[in-house]
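See structure below.
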Amino acid sequence: MNKHLIAGAAGCTFVALAALAAPAQAAGPFSFEPIPGSAYGQASDSWTEPYLVPDGYSQHLVADETVLDVFPGQDDLSDMNTVNETGPQAGRYLYRTHEVGANAAMVVVDLQTGDAKVLVQDPAWGRVDGIEWTPWGTLLFGEERDGGQVHEVFLDPKDPTRAVRVEARPQIGVMRHEGIGVGADGSVYVIDELNGGSIYKFEPTRRGDLSEGRLYALRLSGLSAAEQKWSPDTFKDKVGSFEWVALDQTLAAADGNAASDAVGATEFGRPEDVEIIGNVLYVANTSEDRVVAIDLGQKTLSTFVLPGLNVPAEDKSAGVTGFNNPDNLAEGPGGRLWIVEDNDFSDIWATRKDTDGDGAADGLDLFASLTDENAETSGIYFGKDPKTMFVNIQHPDKPLADGTWAITRR
């Protein structure tokens, strides 16, 4: 099957694409038959199960505002999540950020007992968003706002539900942080979430110590200074080889965007989340409706997902399911990249791997669609159980429903 011809063919709806793609589904603990389309005509604000999911899958509540109401009288704005990937009782505890404007927090949920509590909170924090478990057993989270920082949470070695201290990490850049990724070598990858935001790599002087190091920004080769700037008309041309350009560290620790501008770093359309799979860094650029793949070894950037290339374009008025506003990313079982949309309706997609080596996914498969039309799936994560996906829902029409759900293959 030629992914470009089928995905871009005139009149090609998702239903037709799914029917053609069904035989190609990979086996594995999270294999599935794609659902036929988004939740058009099935909107509900009184759901007991929030998603349309494939046959053979169930969904259950992990914790919402009826379990722990962190911000009474307002939406908790549950955002991203992770679990304790290493250390004592690895995989038992789920950590979740909250994207409120002030006094933001991170909570921890015991996946065995269902108990939930605030892990850390500070009146000075705002729009706490991205979260990442580090290889050295700490948690990183970022603030998605002007002047936002990455913070590192140190846990009690004997009790992963208790924080012993939190350290701000301005060395990773002061900017509008959302997604965070940590490589095996200890490098930290972040983005600046705005139209005109760049992609960054922080190399610590010592692996596991984020108090000192150097921040770099990605700059594509062969583009003029004007072409490096964000434009909705030229973003498709931003592919090819690149270099990591060292930034003025003092400036980066005060204003990462100014530091990247000073070296002419490449600008993208609202880069929001990052995910490292093998030696590839994936970045969701929301304003571009595009996910890019950055080969960290070859130092090349390619378009991995784009409507008209390997998935249909969304046309809600015509009832055509397509790809729109990619937001959060996750690595699923077997190394597939999973994507959630900041869209109404908010869909969850699984990409097929790039088997022909052209830098683009061989297609996408629709896994789920959120039936609460004004809500957003704002986090996605696979923990220790390869048959379970965790997702967050924020600002639903249903009262007290901001929270985390698990979708499990039966």
In the range 290-308, anything open to solvent by 40 Å² or more (accessible area, probe 1.4 Å) and part of a loop (DSSP other than H, G, I, E, B) is listed as 297, 298, 299, 308
Exactly one of 385, 397, 315 is within 20 Å of the chain's Cα centre (by Cα), surrounded by fewer than 18 Cβ atoms within 10 Å (Cβ to Cβ) and either farther than 17 Å from residue 96 by Cβ or in contact (Cβ under 8 Å) with a residue 12 or more places away in the chain (or both), and that residue is 385
Note on residue 75: of the conditions (1) in contact (Cβ under 8 Å) with a residue 12 or more places away in the chain; (2) acidic (Asp, Glu); (3) out of contact with any His (no Cβ under 6 Å at 6 or more places or on another chain), unmet is (3)
If we keep only residues of the range 172-210 that are among the β-branched types (Val, Ile, Thr) and over 18 Å from residue 136 (Cβ atoms), then the residue most open to solvent (accessible area, probe 1.4 Å) is 174
Taking the range 264-280 and the residues there that are buried (at least 22 other Cβ atoms within 10 Å of the Cβ) and among the hydrophobic types (A, V, I, L, M, F, W, C), the one that is farthest from residue 223 (Cα to Cα) would be 274
Note on the range 217-226: residues in a strand (DSSP E or B) and open to solvent by 50 Å² or more (accessible area, probe 1.4 Å) are 219
Check on residue 68, in contact with a strand residue (DSSP E or B) (Cβ under 6 Å, 6 or more places away or on another chain) and part of a loop (DSSP other than H, G, I, E, B):
yes
Selection status of residue 88, assigned to a loop (DSSP other than H, G, I, E, B), touching a residue at least 40 places away in the same chain (Cβ under 8 Å) and open to solvent by less than 30 Å² (accessible area, probe 1.4 Å): no
The residue from 246, 225 that alone is touching a strand residue (DSSP E or B) at 6+ places or on another chain (Cβ under 7 Å) and more than 18 Å from residue 304 (Cα to Cα) is 246
Of those in the range 55-64 that are open to solvent by 10 Å² or more (accessible area, probe 1.4 Å) and touching a residue at least 24 places away in the same chain (Cβ under 8 Å), the residue farthest from residue 160 (Cα to Cα) is 56
The number of residues in the range 161-210 that are part of a strand (DSSP E or B) and either within 19 Å of the chain's Cα centre (by Cα) or closer than 21 Å to residue 294 by Cα (or both) is 16
Checking 94, 119 in turn, the sole residue that is surrounded by 19 or more Cβ atoms within 10 Å (Cβ to Cβ), in contact with a Leu (Cβ under 8 Å, 6 or more places away or on another chain) and in a strand (DSSP E or B) turns out to be 94
Restricted to the range 346-362 and to residues being buried (at least 24 other Cβ atoms within 10 Å of the Cβ) and more than 30 Å from residue 90 (Cα to Cα), the residue farthest from the chain's Cα centre (by Cα) is 361
*If you check residue 254 against the conditions, is it in a loop (DSSP other than H, G, I, E, B) and not hydroxyl-bearing (Ser, Thr, Tyr)?*
yes
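The values are calculated or read from the model by the stated rules, or taken from the named source; none is laboratory data. Computed from a prediction, not measured in an experiment: that's the story for all the values here. All Cβ positions, even for glycine, are placed from backbone atoms using ideal geometry, and neighbour counts span all protein chains on display. SASA here: full protein model, heavy atoms, side chains in, ligands and nucleic acids out. Shrake-Rupley method; radii C 1.70, N 1.55, O 1.52, S 1.80 Å.
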